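Participant: Take this structure, written in structure tokens, and hold onto it; I'll ask about it next.
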Amino acid sequence: MNKNDTQKPPESDPALKRLNVFVGKWDTEGQIKATPSNPAVKIIGTDIYEWMPGGFFLVHRVDVRIGDEEVKAIEIIGYDVSSNTYSMRYFDNKGNSGTSQAIVRDGDWMFIGESERSTVTFSDNNNIITASWERLSDGSNWLPWMEVKLTRVKDLMEHPFDTGYTSKNREKKPEPDREATGNYAFVNGLNIYYEIHGTGRPLILLHGGVGASEMFGPVLPMLAENRQVVAVHLQAHGRTADIDRPLSFELMADDIAALTKHLDIERADIMGYSLGAGVALQTAIRHPYLVRKLVIISAPVKQNEWYPEVQELMAQMGPETAKAMTQTLLYQFYPDTDWEVLFTKLGDLIRQDYDWSKDVASIRSPIMIVFGDADAVRIDHITEFFTLFGGGQRDAGLDGSKRPTAQLAILPGVTHYNILSFPSLAAFVTAFLDSHMPEVG
């Protein structure tokens, strides 16, 4: 077999990206219309849309009460290239099942089932869904059936330091990685928790704010295929308890350096997302001899380069905003976490002004910078970040010899909140980590 004939991993159809508008948790309300023989019936509950790993199917979970009746259902949504429609299969707790399809026309969705159909429209910046349903009567006439309104839930699990993976999956606990081993290391007065996945050259993963290693669920298995992944829980996050000191990028970077020494790791690759990306940058700045290669995902070099609406959310973070955590899966994962303290300290940290441009420019480890094309960071800052390493300054030449050691990846159709779920992210990262780029001596 020719090496060019090796099978490539399947990729989802680009048309599936249209379904991203549904992804999230929704408060549901509505009513089944009155008929001459029956009164109107109220509908109230929750709808959740989340991607299955791989990005080929969207899972729709329904948990509502229709009058006095509890209805739980699951719907699997995919895409049929041959008919250019979205195919759906439905199952509920009453033993019912059915098939339907959807099409998109001028931004509105048409859902067509065996005996029902609806027109679905989005409003308020895609934060409200209204669906008008009709039911087939006498085999030929369509009559009004029910009206439903879904309002997007904007809770604290959707703040700028959440991947979207944690928030979208908080209703369903992920299967544990039975190959992973968890342990604690006492460093710098902190009993820091870490998990080890796989074997090989070490890669340290640093999660975003409020979450923990679960954030890397969509990409961790591929990353651990041929390397030793060390997934760390930062101070006051996950299974690492807080101590009497503020949250600080610099202090957490010192914790990572101390952990690598505790694990007898001479040099490691480090990959950080959002808050963890800031810690990764400070680790490379303060402990350059420990960092082989660096992957920075969705974080700026300057605090004021977050978009204004993101900074507004940062300004609001504090003990009051911690109350929403009781309704999340993270609260179930880590019931011993003092969420008020975490949100207070994290709020104090992310509101601090900083500009690390000069120090970041001095990093000599090969670096990969990753953002979504609709990220929470200004697009002009992303290019500014890349120029700190000589990127975007000149043509690389026919042989590529004049290209910078840094790499920049802008992922299409991706935001700050779902970037870790991008199907090809792990492939991009592993290709960078495995490449024979110049390394620090």
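The values are calculated or read from the model by the stated rules, or taken from the named source; none is laboratory data. This structure is a prediction, so every number in the text was calculated from the model and none was measured. A quick note on method: Cβ atoms are made from the backbone with ideal geometry, for glycine too, and the neighbour counts reach across all protein chains shown. In case anyone asks, the SASA skips ligands and DNA or RNA and just uses the protein heavy atoms, side chains included. Shrake-Rupley method; radii C 1.70, N 1.55, O 1.52, S 1.80 Å.
Participant: Among THR130, PHE389, GLY400, which residue has its Cα positioned farthest towards the positive end of the charge dipole of the chain, with +1 placed on the Cβ of Lys and Arg, -1 on the Cβ of Asp and Glu, and the dipole taken about the Cα centre?
Facilitator: GLY400
Participant: Convert each backbone phi in segment 223-238 into a coupling constant with the Karplus relation 6.51 cos²θ - 1.76 cosθ + 1.60 (shift: θ = phi - 60°), then list the ³J(HN,Hα) values in order as whole Hz, x for Gly and Pro.
Facilitator: Once rounded to whole Hz, the list reads 4, 8, 4, 9, 8, 8, 9, 10, 9, 9, 9, 6, 3, 6, 10, x.
Participant: Tell me the angle of helix 275-286 to the major Cα principal axis of the chain, expressed in degrees between 0 and 90 and rounded to the nearest ten.
Facilitator: Once rounded, the angle reads 10 degrees.
Participant: 222 nm [θ] for the chain, helices only, -39500 (n - 2.57) per DSSP H run of 4+, per residue, to 500?
Facilitator: Taken over the chain, the calculation gives -5000 deg cm²/dmol.
Participant: Cut-off 17 Å, label point 7 angstrom out along Cα-to-Cβ of ASN126: give me the residues of segment 21-35 whose amide nitrogen falls inside.
Facilitator: The answer is 21-27.
Participant: Ignoring any ligand, DNA or RNA, what whole percent of the accessible area of the chain comes from carbon and sulfur when the probe is 1.4 angstrom?
Facilitator: 50 percent
Participant: Oh, and also: Taking the Cα-to-Cβ direction at ILE112 and at TRP142 and moving 7 Å from each Cα, how far apart do the two end points lie in nm?
Facilitator: Output for this residue pair reads 0.9 nm.
Participant: Further question: Can you tell me the FRET efficiency between ARG286 and ASP373 if r is taken as the Cβ-Cβ distance and R0 is 25 Å, rounded to the nearest 0.05?
Facilitator: The pair ARG286/ASP373 has a calculated efficiency of 0.20.
Participant: Pulled fully out, how much extra length does the chain show between LYS323 and ARG403, if you take 0.36 nm times their separation in residues and subtract their Cα-Cα distance?
Facilitator: 23.9 nm
Participant: Quick one: net charge of ASP255's neighbours, Cβ under 15 Å, K/R +1, D/E -1?
Facilitator: +1
Participant: Which is farthest toward the positive dipole end of the chain among LEU58, ILE243, ASN188, measuring Cα position about the Cα centre, with Cβ charges +1 (Lys, Arg) and -1 (Asp, Glu)?
Facilitator: ASN188
Participant: Once you place label points 7 Å from the Cα toward the Cβ at ALA315 and GLN352, how far apart are they in nm?
Facilitator: 2.0 nm
Participant: Rolling a 1.4 angstrom probe over the protein heavy atoms, how many square angstrom per residue are accessible across the chain?
Facilitator: 49 Å²
Participant: Round to a whole angstrom and tell me the spacing of the C-alpha centers of segment 371-441 and segment 23-95.
Facilitator: The distance from the Cα centre of segment 371-441 to that of segment 23-95 comes to 39 Å.
Participant: Local charge sum around VAL71 (other residues, Cβ-Cβ under 15 Å, Lys/Arg +1, Asp/Glu -1)?
Facilitator: -4
Participant: Pop the C-beta distance of ARG364 and LYS17 into the FRET formula with R0 = 30 Å and round what comes out to the nearest 0.05.
Facilitator: 0.20
Participant: Charges only on Cβ, +1 for Lys and Arg, -1 for Asp and Glu: so what's the dipole of the chain about the Cα centre, in debye to the nearest 20?
Facilitator: 680 debye
Participant: Next question. Got a sec to turn the phi values of segment 39-50 into Karplus ³J(HN,Hα) couplings, 6.51 cos²θ - 1.76 cosθ + 1.60 with θ = phi - 60°, whole Hz, x for Gly and Pro?
Facilitator: Running phi through 6.51 cos²θ - 1.76 cosθ + 1.60 with θ = phi - 60° gives x, 5, 10, 7, 10, 8, x, 9, 10, 10, 10, 8 Hz.
Participant: Put a dot 7 Å past each Cα toward the Cβ at ASN84 and ARG245; how far apart are the dots in nm?
Facilitator: 6.0 nm
Participant: Taking a 28 Å limit on the Cα-Cα distance, which of the listed pairs LYS17/LYS302; LYS261/LYS293; LYS25/LYS293; LYS261/LYS323; LYS25/LYS302 fall beyond it?
Facilitator: Distance filter (> 28 Å) returns LYS17/LYS302; LYS25/LYS293; LYS261/LYS323; LYS25/LYS302.
Participant: What is the magnitude of the charge dipole of segment 232-289 about its Cα centre, with +1 placed on the Cβ of each Lys and Arg, -1 on the Cβ of each Asp and Glu, and no other charges, expressed in debye to the nearest 20?
Facilitator: Once rounded to the nearest 20, the dipole reads 60 debye.
Participant: If we sort 359-367, 240-248, 66-74, 266-274 on the protection proxy, mean other Cβ atoms within 10 Å, highest first, what's the order?
Facilitator: The peptides rank, most packed first, as 266-274, 359-367, 240-248, 66-74.
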